[in-house]
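Taking it in order: structure first as structure tokens, then the write-up.
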Amino acid sequence: MKAFLISPGDNLIERIITYLFKEGKDYSSNLVVFPGKRPSHFLRKRLAEIEGSSFLPPRIFSMDEFIDYVYSEVVGIRRRLEIIDAIAILYEIHKDSRDPFGNKDFLDPDTFFPIGVKIYNDIEELCIEGVSLNRLKEFDSLIEETMPPKSMRRLQSLSYFYENFYKKIEDSHYSTRSSRYRDVSLYIERFDFRVFNRIIFSGFFGLTKSERLMFNYLKEREETIFFFQDGFGIDLSSLGIIVEKEESYPSKPQIHFYKSPDTHGQVFGVGTILKEKILMGEKIDERTVVVLPLAETLFPLFHHALNLLSPGQYNISLGYPLERTPLWALIKTLMELVLSMDGDRLYVPYYLNFVLHPYIKNIYFEGQAETTRILFQTIEEVLSDKKAMKFITLKEIEEDEILETFLRERILGKGENISVLRLKEHLRSIHENTIQKVLYFDNVGEFARRIIEFIQFIFENSVARLHPFFYPYCETFIAELDKISRSLMRNFKFKTIGSYFNLIKQVIISSYTPFYGTPLKGLQVLGFLETRNIKFERIFFLDLNEGVVPEIRKEDTLLPFKVRKILGIPTHLDREKLIGYYFDILIKGACEVHLFYIENKEKDRSRFIERLLWEIQKKEKKLDEKEYLKWIQYPITLKSQKPRDIEKSPEIVTFLRNFIFSASCIDHYLSCPLRFYYEHILELKEKETVSEDLEREEIGNLVHEVLFEFFKDKIGESLSEKDMNLEDLSKLVFKHFEKRFGKSTTGELYLLRRQVNGHLKDFIKDYQIPKIKSIPTKIIGLERRISTKIGSFHLIARLDRIEKRAERTTIIDYKTSANKKFLSINFRKLNPDKRESWTEAIPTLQLPFYLTVYSQFTGDDPQQMDGFFLLLGRNIIDTSIEVPLYSEDLERRDQFLILNRIIFSLLNEIIEPSIPFSASLRRRESCLYCIYQHICTN
Ligand code: SF4
């Protein structure tokens, strides 16, 4: 045996090559093993360069591959269990136990799954570290007195699983990764190593007990060579291997530190440096690596730095978490929809979320996606109009008549040669292949196959596959689901559909999609551990923050730290050592290093940056670290910009002269002229959506309908108490609820109906009856829509109720709100001659506008009229729900004249060409909730 400790500046691959045994072009009598897979590509490539023609390569393995190779020789062929199989076995053991773990808490397979993952990971660690069952049991009793009862119970359970699981897989001729390591370490002498002239193990650090046993055996063989790399924390004393320290090549990398406020700053930093290098004609090839310890930085990097290179000039090799992929987001949306179903009825907001997902709304119809987009946007519009309808069946959507009419206008109206029948078939087919696909199935295996079919449908029929990474996502998803469908859990049946989704979720959150690029070509983008044992000349290392490098893992184990220490199982401290070691080697082996970290309120730089900085400061005897740090900053202007004025073009003026003004338009103008411009001239409106809450507006409309129908037979008559029949009112409430929300009312609707019914009854009992008792009242109009012309202005108004109270005509507007703050005019603050006082003193001109329009229309004297709002949303209904237009302190006549003058001044201001739409006239708080904030300053 020979063993070498080489410098990180030295090239491990080159060192190995010097020791390979070779006969002509035949290297096949060499066995080379690395901890991971990646260095094997580099070794093969280098040999190909040396040989210049075809050659017989060495047997090169990663450690896992080596174990599988030897295992099949010394033990035989045994199926290696997937994690889901292992959990199915653990579950059976758990079920058969007389005293199941967690008592009854984990009796269903889906509730057992997460705890099963922990148990499995722990027993696999115990197995690979060769912890004997007796040791574990001995350990149980050893710590019985010091351990809290809960933890003690866990350990006893763990020994139960440990004992029974490996017995069971042995009997069933299965294996796991750890059982293979254990068996190979126990039976390694059965393997015939004589076929190899050289056995080279290189680049190892932090061995498991099974690996140490193998090394112990191998170190006795003459043909064995170990290569270790000298780095931070390496300690070979426990291996009993005497190493030769070879002549080292001192490495002096140029290290640059960059501090950035966020991820984007880092990737812009990488992009800028790459750009400079490209401009200077430097080669960006496989000797340059971008290390991404956080997979989520991949996409910002892809869009802002890798775009400087063509696709063949870089290679991405890292595991990307499946739960971060858009495909998982889609499956989650499907899951949310299916889980929210009430019988066969779908929850409308979730249905829309699903069908408006880009992968669904872009399903091809006869080779193009536009028709499907129009189809689902139209469905959104139709369902948004039925805001109150919260649940709907697929059949109801497919057969909706309004949808059919809209589709005729939108698609067929454009002259497309498509029939409504075909569109409906298309919609039905999408429903069948997506939502309905996952509604009916028998067991876990069938459910997984249904999800596979769903993914395949999306892949084959939607634009999703045009996404550059969609194919690898799909492949990994299908592979994981396929494992589930063939697993030992495939025949399990769960009680609820949610449990099936939950199982898929548990598998997905622990899976990664591997991006295997062309490993030897172009700039390498790698996860941190993928860099092991490879020497790079130029390094960009991102996200060097505490918690990322080294990673702080949530202790997902049932074994407490102290217990791990005693049993000799690795702890998070060992993991940190391993990261520190490989980081050290990577950096010291390079010539040019760019280290990026984020510094903000939540993030601190990594301890590895601290250490490097301190070493440099010590060496250069400088106290201030600032001169080594570069800051990445954006040119951000924090000062908010002033909204621009909008001048009135002749076209706008013509448009305004023909405009039909309502009270709300004038209110909008008064609150902010720019808002009026965006809303009524550009017609930029917020898209109507189906929200999860029943809309206030929807309830308002229902109340209006009920009150209209209740009073409509009484128009022209004096109201009397005997006309106020509360039972009739209740019937109307029920009738209109059914009309708007459908027959079947869910809990939410049931409560709301009760609430509205009670409130309207209170309105009649505690407001209407006392009112008609105190003043003779006759209704003269309900829900009247009036349009008229005053001067050159077209005006329109919709009046909820007009009545005669004694001799005065009174206009009433129902409000479902409870707050009079936004309705009462403050006459004390109002100065008719000061334009700026109008916005602050007048929250709304609705009532004076109605009085103006009504009086013009009927010829009545507006000064003989009253107006008020009725606050139907108040908790307590009595006569104080009236919010009168006029103040008691002043003559009503004067008040009307002032308000009337203000209305016409505003109308003239709106159409005046020389007065731009300007935010300088806005109400102070108007911007707070304004939907145009983003456009009016740009
Ligand atoms: S954000 Fe402010 S200034 Fe801009 S339109 Fe809205 S209210 Fe007017």
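The values are calculated or read from the model by the stated rules, or taken from the named source; none is laboratory data. Note that the structure is a prediction, hence the values are computed from the model and not measured. So basically every Cβ, Gly included, is an ideal-geometry build from the backbone, and we count neighbours across all protein chains shown. Accessible surface areas use protein heavy atoms only, side chains included; no ligands, DNA or RNA. Shrake-Rupley method; radii C 1.70, N 1.55, O 1.52, S 1.80 Å.
What to note about this one:
- Qualifying position, being in the same structural domain as LYS390 (by TED's automatic domain parsing) and within 26 Å of GLU475 (Cβ to Cβ), among GLU366, GLU336: GLU336
- The set of residues in the range 799-820 being part of a strand (DSSP E or B) and open to solvent by 50 Å² or more (accessible area, probe 1.4 Å) consists of LYS804, ARG808.
- When the range 909-935 is filtered for residues that are assigned to a helix (DSSP H, G or I), open to solvent by 30 Å² or more (accessible area, probe 1.4 Å), within 9 Å of the ligand (Cβ to nearest atom) and among the hydrophobic types (A, V, I, L, M, F, W, C), the ones remaining, listed by number, are CYS927, LEU928, ILE935.
- Boolean, ARG644 is assigned to a helix (DSSP H, G or I), over 30 Å from LEU559 (Cα atoms), open to solvent by 20 Å² or more (accessible area, probe 1.4 Å) and among the basic types (Lys, Arg): no
- Figure legend. Inter-residue proximity from the range 332-347: first residues open to solvent by less than 40 Å² (accessible area, probe 1.4 Å), second residues of a type in the set (S, T, N, Q), beta-carbon distance below 6 Å, spacing 6+ or different chains. Indicated pairs: THR333/ASN353; TYR347/SER340.
- The strands (runs of 3 or more DSSP E) falling completely within the range 280-327 that include 2 or more residues that are within 27 Å of ILE504 (Cβ to Cβ), in contact with a strand residue (DSSP E or B) (Cβ under 8 Å, 6 or more places away or on another chain) and not polar (S, T, N, Q) map to 319-321.
- Close Cβ contacts (under 9 Å, 6 or more residues apart or on different chains) running from residues in the range 609-628 that are more than 20 Å from PHE541 (Cβ to Cβ) to residues that are among the aliphatic types (A, V, I, L, M) comprise LYS622/ILE616.
- Checked against the criterion of being modelled with pLDDT of 90 or more and over 47 Å from the mean Cα position of the chain (by Cα), the range 232-239 contains not a single residue that satisfies it.
- Only a single item in (1) open to solvent by 50 Å² or more (accessible area, probe 1.4 Å); (2) within 20 Å of GLU698 (Cβ to Cβ); (3) modelled with pLDDT of 85 or more is not met by ARG373, and it is number (2).
- Every residue from the range 655-686 that is among the hydroxyl-bearing types (Ser, Thr, Tyr) and not in a loop (DSSP other than H, G, I, E, B): SER664, TYR669, SER671, TYR677, TYR678
- Selection of the range 560-603 for residues being in contact with a Pro (Cβ under 8 Å, 6 or more places away or on another chain) and open to solvent by 70 Å² or more (accessible area, probe 1.4 Å) yields ARG575, LYS588, CYS591, GLU599.
- The range 328-373: number of residues that are acidic (Asp, Glu) and in contact with a strand residue (DSSP E or B) (Cβ under 6 Å, 6 or more places away or on another chain): 2
- Members of the range 514-526 that are at pLDDT 90 or above and surrounded by fewer than 21 Cβ atoms within 10 Å (Cβ to Cβ): none
- Conditions (1) farther than 25 Å from GLN864 by Cα; (2) open to solvent by 20 Å² or more (accessible area, probe 1.4 Å); number of the one not met by ILE775: (1)
- Applying a threshold of 8 Å to beta carbon distances and a minimum spacing of six or more residues, or different chains, the list of pairs starting in the range 704-727 at a residue that is within 21 Å of ILE775 (Cβ to Cβ) and ending at one that is surrounded by 12 or more Cβ atoms within 10 Å (Cβ to Cβ) and small (Gly, Ala, Ser) reads ILE715/GLY781.
- Residue check, LEU885 open to solvent by less than 40 Å² (accessible area, probe 1.4 Å), in contact with a Gly (Cβ under 9 Å, 6 or more places away or on another chain) and of a type in the set (A, V, I, L, M): yes
- Residue match in the range 239-252 (condition: within 29 Å of LYS45 (Cα to Cα) and buried (at least 19 other Cβ atoms within 10 Å of the Cβ)): no
- Looking only at the range 93-116, and only at residues there that are more than 17 Å from VAL444 (Cβ to Cβ) and among the acidic types (Asp, Glu), the one that is modelled with the highest pLDDT: ASP96
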